[in-house]
Structures are given as structure tokens and as C-alpha cells.
Amino acid sequence: MSEPSFLDKVKNVIKETSTYLANGARNVPIEEYKRRADICNTCVHFVHSKSTCGVCGCLMHIKAKWQTSDCPKNKW
């Protein structure tokens, strides 16, 4: 599986960050974060060596906390 290009990763991070900030920079409750992180850690698309999603390229320990974010594979 190939990861997104550097430019696509940058675009995704900018989109996710601007949406997060525009909506008040709210995080999910810790239980939801743990649920999301568990899903990511067992996903075939998760790049463990980089802690990133192989689909969108985002750092999952950050993205999973953000209330406005969702999984690009609709797993959470």
C-alpha cells in the first residue's frame, strides 16, 4: 500500500486543522479517543513506524482527539 504524496498529506493536515480550529478546537472525551486509537492501531492502513494513517497521512494520535475529524475509511 502506498501512502499519500507529501503534497496530499499537507493538504489533508491543513483541511483538518482549519476545520478543527473553525469549530472551536474541541476534543472528544478520553474514552472516545481511546476507542478511536484502538481502531487505528489495529487497522491495516495504520503506519505504525510513523503513527500515521496510510490513507490520509495524518498523525493519528492528534487526529483521533479532534471532535471534527473522522476516519477516511469510516471506521470512527
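Tabulated data for the structure shown
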{"quantity": "Among residues of the range 52-76, those that are open to solvent by less than 60 Å² (accessible area, probe 1.4 Å) and closer than 15 Å to Val10 by Cα, counted", "calculated": "9"}
{"quantity": "Top-ranked residue of the range 37-76 - restricted to ones that are of a type in the set (Lys, Arg) and in contact with a helix residue (DSSP H, G or I) (Cβ under 8 Å, 6 or more places away or on another chain), ranked as nearest to Phe6 (Cα to Cα)", "calculated": "Lys63"}
{"quantity": "Members of the range 1-17 found to be of a type in the set (Ser, Thr, Tyr) and surrounded by 16 or more Cβ atoms within 10 Å (Cβ to Cβ), listed by number", "calculated": "Thr17"}
{"quantity": "Any hit, the range 40-51, residues being free of Cβ contacts under 8 Å to residues at least 24 places away in the same chain, open to solvent by 50 Å² or more (accessible area, probe 1.4 Å) and among the hydroxyl-bearing types (Ser, Thr, Tyr)", "calculated": "yes"}
{"quantity": "So Tyr20, is it surrounded by 15 or more Cβ atoms within 10 Å (Cβ to Cβ), of a type outside the set (Val, Ile, Thr), at pLDDT 95 or above and farther than 25 Å from Phe6 by Cβ", "calculated": "no"}
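The values are calculated or read from the model by the stated rules, or taken from the named source; none is laboratory data. Just so it is clear, the model here is predicted, and its values are computed rather than measured. All Cβ positions, even for glycine, are placed from backbone atoms using ideal geometry, and neighbour counts span all protein chains on display. The protein model used for the area step is the full one, side chains on, heavy atoms only, and it has no ligands, DNA or RNA in it. Shrake-Rupley method; radii C 1.70, N 1.55, O 1.52, S 1.80 Å.
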